[in-house]
Structures are given as structure tokens and as C-alpha cells.
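One structure is given below, encoded as C-alpha cells.
The values are calculated or read from the model by the stated rules, or taken from the named source; none is laboratory data. Just so it is clear, the structure is predicted and the values come from calculations on it, not from any experiment. Using ideal geometry, Cβ is built from the backbone for each residue, glycine included, and neighbour counts are taken over all protein chains shown. All accessible areas refer to the heavy atoms of the entire protein, side chains included, with ligands and DNA or RNA removed. Shrake-Rupley method; radii C 1.70, N 1.55, O 1.52, S 1.80 Å.
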Amino acid sequence: MKLSRFVAIFTVLFFMLSSTIMGAESNDDSTKEQGIEANNIANLDQIKPVQLSKPPFYYYLSTVIDPNAAANKTKKLTLKQNSVKSIEVAYDEPKEFLDSQYVVPNSFRFIKGNLPAGIPTEYKGQMIVKAIKGDNNVILFYGLNFAENRYVVILDKSMTKVEKVYDFINYAISPKYIQKDYDFIYQQSNWAAVENGILYVSHGHRTYAKSSNGANGFITAIRLSDNRVLWRTSSLVSNSRNFQIVGDVILSGYGFTNEKDYLYQINKKTGKTLEQIALKDGPAYIVKQKNGYLVYGYSHLTSFLIK
């Protein structure tokens, strides 16, 4: 009798354990399927963003980077200023800059846009404000408006798979600022590019640097595999509308009224400034040409040749 009861109890426990194991395996499969499904662009709003920690508002280099080795392997561009000419203050955005993006909807200006079908126009209640056509990715920016974006979404080239979603809210406000200027110092993502598994993204506000205690206009390199910040430039190197990655360097621009205006060469491996070239006025767009680059300022167009 005791033996029978033992066998019965053992049998019940065996089936309970088997059911639990099978259930766990089934849940794992379900989770995997949900994960794959959640990675689909159609389910973007279900994907939880990676909220990055407050960044340093000064030059930073991760300990995983050997600065000496990186510096020795970096080849700086040899730039020669070819010409400077005056242009109208009010000019259309350069065609090359426009071609590097999709046109997003803008109800305030009655623009429907040309986003490919299936690209969500909202994420977490915020509207799409920029869509960059990268070499191997499409990068979407979402924000409350066109001056305060928060989320950066990285898609694969086919625009069907979500590779990463970042929340940059902690990058928006510098630790020190002038209180009366608070409404103007939100540092949004101005431009972004992905290369070899690293996101390069610029942040800045469009008012005087003194309003944020000089902590404005950064580029940050973030490794996508583990979300690690590899480096962050010093301040005041990037508030132009875009930047260009050229070999080992990043060409960026910074300038503003009553502030110094420069084109910068940034070491792509360390974020260190390699060179600064004085400009007539603040750079807005950096456009690739056959033999070099054009830098559009407020009222001047500067041509550089790569020797």
C-alpha cells in the first residue's frame, strides 16, 4: 500500500516536472518568436528603448580604447581651402543634404513627405522629425517637435528590422546652465551615422554656448553591441546640421553669432580634435563634392580640396 502510494506520488511529480519543463521550453520559444516579431518595424512602439546614462559634458575616452595605438593608425586629411564666396543669407538647403534624407511629414508646413510605406510616423507618442539614409542603415529621429527630439531608431537597410532604439533624454540638458535660458538649451540629436557597429551621433542646441556654460556641440561614439560610450568629443565642435565620415576622421562644424566658427577634423577612433580651420561664419551644412567638400555657412560658401 505504501509502495503504491509512493509510485502514485512519484508519477504525479514526474508529470508535473515534465509539464513544467515543457512549459518552460514552450515559453522560451514563444519569447524568441515575440522577440523576432518585436524586432519588426511594424511593432516599433512595442520596443523598449535603451535609455543611455547622463554623458560627460567634456572630452571622454573609454578605457577600452588605446589612445596611442588609435592615434598612430589615424590618417588626417590634407585639406586645402580652394575658395570662399558670399551667398544669399536665405538659401535653399543643399540638394546633396536633402538627398541624404527622406522628407518627413510636417503638418505645420503642409508637407506630406516621402517616407517609405510602413515607417511609423510616431514612436512613444512623439512624431518623426528626421530620417537619414545611411550607407547600410536608415536612422529615424522622434521628438515632441522639430527642435526637441529624444529617440533615435536604427533600422537595417531594408527598413524591416529594428537594430537598436536609443533614448537620449539624458543628453538634452547640460549640468550647468543659465536659468533664464533653460527653454533654449535642449540639446537634440542633429545628425547620426553608423559604421562598423558604432553609432556616431551629434548633439547640440541652437543658442549661445554660454547659455549651457559652454557645454554644447558634442559628437559621441556608441558601440551598438553593448551600448558602451567609446568616446565623446570636447565641447563646441559640432552644431552643424550634419557631419561627414571620411576615412579615419569626422568632418564637423561649429559656430554661432559672436562665437568662433570652425571646420573640425575629429579622430574617428578617439574623438580627439586633429585640426580646426577658421571659417567666415558658422557652418550649417558639409557637402561632399568630387574632389573635396563644400561648407555652407550663414552667408558664405567655402570650398575645400582634399590633396
### Task
Could you grab the pairs with beta carbons closer than 8 Å, sequence gap of 6+ or different chains, first residue in the stretch 95-111 and touching a residue at least 40 places away in the same chain (Cβ under 8 Å), second one open to solvent by 30 Å² or more (accessible area, probe 1.4 Å) and basic (Lys, Arg)?
96/288; 97/241; 100/133
### Task
Give 53, 100 a once-over and let me know the one that is closer than 30 Å to residue 217 by Cα, surrounded by 14 or more Cβ atoms within 10 Å (Cβ to Cβ) and either modelled with pLDDT of 90 or more or of a type outside the set (Gly, Ala, Ser) (or both).
100
### Summary
The residue that is most open to solvent (accessible area, probe 1.4 Å), considering only those in the stretch 169-189 that are among the hydrophobic types (A, V, I, L, M, F, W, C) and touching a Ser or Thr at 6+ places or on another chain (Cβ under 6 Å), is 184
### Query
Residues in the stretch 154-164: is at least one in contact with a Phe, Trp or Tyr (Cβ under 7 Å, 6 or more places away or on another chain) and more than 19 Å from residue 202 (Cβ to Cβ)?
no
### Message
Just to check your reading of the model, which residue among 129, 162 is part of a strand (DSSP E or B), touching a residue at least 40 places away in the same chain (Cβ under 8 Å), surrounded by 12 or more Cβ atoms within 10 Å (Cβ to Cβ) and not small (Gly, Ala, Ser)?
### Response
162
### Task
Sort out which residues of the stretch 103-119 are closer than 23 Å to residue 158 by Cα and either open to solvent by less than 30 Å² (accessible area, probe 1.4 Å) or among the polar types (S, T, N, Q) (or both), and write them in order of number.
104, 114, 119
### Query
Any idea which of (1) closer than 21 Å to residue 205 by Cα; (2) of a type outside the set (Phe, Trp, Tyr); (3) modelled with pLDDT under 95 is the one residue 273 doesn't satisfy?
(3)
### Task
Report yes if residue 171 is within 11 Å of the chain's Cα centre (by Cα), more than 19 Å from residue 102 (Cβ to Cβ) and at pLDDT 95 or above, otherwise no.
no
### Query
If residue 176 satisfies every condition in (1) out of contact with any Pro (no Cβ under 6 Å at 6 or more places or on another chain); (2) within 14 Å of residue 50 (Cβ to Cβ) but one, which is the exception?
(2)
### Message
Checking the structure you have, find out if any residue of the stretch 59-73 is within 24 Å of the chain's Cα centre (by Cα), surrounded by fewer than 12 Cβ atoms within 10 Å (Cβ to Cβ) and modelled with pLDDT of 75 or more.
### Response
yes
### Query
residue 181 is checked against (1) assigned to a loop (DSSP other than H, G, I, E, B); (2) in contact with a helix residue (DSSP H, G or I) (Cβ under 9 Å, 6 or more places away or on another chain); (3) of a type outside the set (A, V, I, L, M, F, W, C); (4) more than 21 Å from residue 52 (Cα to Cα) and fails just one. What number does that condition carry?
(1)
### Query
What do you reckon, is residue 124 more than 12 Å from the chain's Cα centre (by Cα), at negative phi and open to solvent by 70 Å² or more (accessible area, probe 1.4 Å)?
no
